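Engineer: Okay, handing you the structure first.
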Amino acid sequence: MKKIFKNPIMLLFLAFTACSTTKEYTLMTLEPASVDLESNIKRIGIINESIVQEQKAYKNRIEQILSEKDAQLDKEGKKAAIAGLFDELLKDKRFDTIKIIAKIPAKLKSMGESSEGISWTKVEALCKEHNVDAIFSLSHYDTETQVSLRKKKIIQANMLRVKEKVRGNEITLETLIENGWRIYNPQNKQVIDEVVFTEAFKSTAQGVNPVQALIAIEDRAKEVTVQSKNKGEAYGMRLLPSKTGVVRKYFIKGAVELGLAHSYVEAGEWESAVKIWESLYSNEDLKVQSRAAYNLAFYEELKGNLGGALHLAKKAQRKQETKANQQYINVLKERIEENEIVKQQLARTYFQEAY
């Protein structure tokens, strides 16, 4: 005889628990800052040590125009990138001084290509001259452009100002922006951080010939400036804890009640789900008890109670030793350690209100 389930919650349970033993859930966590500055670094100097790229021989008029435009884009892009970093560091109250050092000794320019052979004497002298504790550097900046061209009918006004279709060209430029950053700490003669960002975008325009089509592209300079400024800001944000999504799993099979609790989770009725998981502590099956404890650990982590989550995860492991339980215990231990670092970083950065 077939059993007919009239309860809509049970119908949801049947639909969601047909296959997998677990269900994934994404929760937001705070990760420690990628760059952890020493507390005695209060004054920051920002420099541009990137080397101007040498121009290559031109094969045609298109390459010549692009080369000239890219040279100008590099200048504007570097200014925007440094301005983005400057603006971001200004928000951080742990720093007393943020200054852009426009002129640097020529010998420092060589540092942009390799971390080997850096003259720390020069770095120390630069810091002393400008009264700063550390140097944030745009160590590398380059724009590279690829061109694609195709024939296309375009609309253009004739001598009588009547619009008509004529033979023309459509040009597409794919621009790659690459910029690298470093932080020099002369106090312990260390490069604290080193990273390279890349970003690409496309620009398209039309003209009766390739050169006119190229000249018609108007948005590329603005896009390079915007992207470069964004990357400068992004580098400044490496000094702050960051929010990120992590995937966790919870058990939805092993007992009818686990599936029912899952349907409550899907409906956003967490309290009902928790009551079911708690009731399964007294289940005769140790596996079910273990899965219930695991699910409750997941719920405590979701609430931000990492200590409670670890306690329950260990309880799940005591009920039934499994690889999944041990992995979760390890994950929670790591999160607790990272959370302490995050608290320390936030206390130093005065950014608590943003998190």
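Engineer: From the set of residues in the range 195-217 that are over 20 Å from Ala71 (Cα atoms) and among the polar types (S, T, N, Q), which is most open to solvent (accessible area, probe 1.4 Å)?
Structural biologist: In this case the residue turns out to be Gln206.
Engineer: Could you grab me the full set of residues in the range 309-347 that are among the small types (Gly, Ala, Ser) and buried (at least 16 other Cβ atoms within 10 Å of the Cβ)?
Structural biologist: Start the filter on the range 309-347 by keeping residues that are among the small types (Gly, Ala, Ser), which leaves 309, 313, 316, 324, 347.
Hits for the range 309-347 are Ala309, Ala313, Ala316, Ala324.
Engineer: Looking only at the range 150-183, which residues are modelled with pLDDT of 80 or more and more than 44 Å from the chain's Cα centre (by Cα)? It would help to see each step written out before you state the result.
Structural biologist: To start, the set of residues in the range 150-183 that are modelled with pLDDT of 80 or more comprises 150-151, 167, 169-183.
Result: Arg167, single match.
Engineer: Quick one: would you say Thr225 is under 30 Å from Asn169 (Cβ atoms) and among the hydroxyl-bearing types (Ser, Thr, Tyr)?
Structural biologist: Numbers: under 30 Å from Asn169 (Cβ atoms): yes; among the hydroxyl-bearing types (Ser, Thr, Tyr): yes.
So Thr225 fits the description; yes.
Engineer: Looking at the range 176-194, can you tell me whether even one residue there is under 30 Å from Asn339 (Cβ atoms), open to solvent by less than 10 Å² (accessible area, probe 1.4 Å) and hydrophobic (A, V, I, L, M, F, W, C)?
Structural biologist: Looking for residues that are under 30 Å from Asn339 (Cβ atoms), open to solvent by less than 10 Å² (accessible area, probe 1.4 Å) and hydrophobic (A, V, I, L, M, F, W, C), one finds at least one in the range 176-194, hence yes.
Engineer: Just one of the numbered conditions (1) without any contact (Cβ under 8 Å) to a residue 60 or more places away in the chain; (2) closer than 30 Å to Lys128 by Cβ; (3) aliphatic (A, V, I, L, M) is not true of Ala200; which one?
Structural biologist: (2)
Engineer: Restricting the range 44-97 to residues that are part of a loop (DSSP other than H, G, I, E, B) and of a type in the set (Ser, Thr, Tyr), which is modelled with the lowest pLDDT?
Structural biologist: If we filter the range 44-97 for residues that are part of a loop (DSSP other than H, G, I, E, B), which is where we start, we get 49-60, 91-96.
Of the ones still in play, those that are also of a type in the set (Ser, Thr, Tyr) are 50, 58.
Numbers: Ser50: 83, Tyr58: 65.
By that ranking, first place goes to Tyr58.
Engineer: Go through (1) touching an Asp or Glu at 6+ places or on another chain (Cβ under 9 Å); (2) farther than 24 Å from Glu49 by Cβ; (3) surrounded by 15 or more Cβ atoms within 10 Å (Cβ to Cβ) for Arg220 and report which single condition fails.
Structural biologist: Tallying (1) touching an Asp or Glu at 6+ places or on another chain (Cβ under 9 Å); (2) farther than 24 Å from Glu49 by Cβ; (3) surrounded by 15 or more Cβ atoms within 10 Å (Cβ to Cβ), Arg220 fails exactly one: (1).
Engineer: Could you go through the range 149-160 and let me know if any residue there is closer than 22 Å to Ala81 by Cβ and open to solvent by 60 Å² or more (accessible area, probe 1.4 Å). Reasoning before the result, please.
Structural biologist: In the first step, residues of the range 149-160 are kept if they are closer than 22 Å to Ala81 by Cβ; the result is none.
Taking every residue of the range 149-160 in turn, none turns out to be closer than 22 Å to Ala81 by Cβ and open to solvent by 60 Å² or more (accessible area, probe 1.4 Å).
Here's the yes/no breakdown for (1) without any contact (Cβ under 8 Å) to a residue 24 or more places away in the chain; (2) within 25 Å of Lys343 (Cβ to Cβ):
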position: Ser282; (1), (2): yes, no
position: Leu286; (1), (2): no, no
position: Arg291; (1), (2): no, no
position: Tyr294; (1), (2): no, no
position: Tyr299; (1), (2): no, yes
position: Leu302; (1), (2): no, yes
position: Gln317; (1), (2): no, no
position: Thr322; (1), (2): no, no
position: Asn325; (1), (2): no, no
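Engineer: Considering only the range 24-34, how many residues are surrounded by 18 or more Cβ atoms within 10 Å (Cβ to Cβ) and assigned to a loop (DSSP other than H, G, I, E, B)?
Structural biologist: Looking only at that region, the number is 2.
The values are calculated or read from the model by the stated rules, or taken from the named source; none is laboratory data. The model shown is predicted, which means the values in this text are computed figures rather than measured ones. In this analysis, Cβ positions are derived from the backbone assuming ideal geometry, glycine residues included, and neighbour counts consider all displayed protein chains. Accessible surface areas use protein heavy atoms only, side chains included; no ligands, DNA or RNA. Shrake-Rupley method; radii C 1.70, N 1.55, O 1.52, S 1.80 Å.
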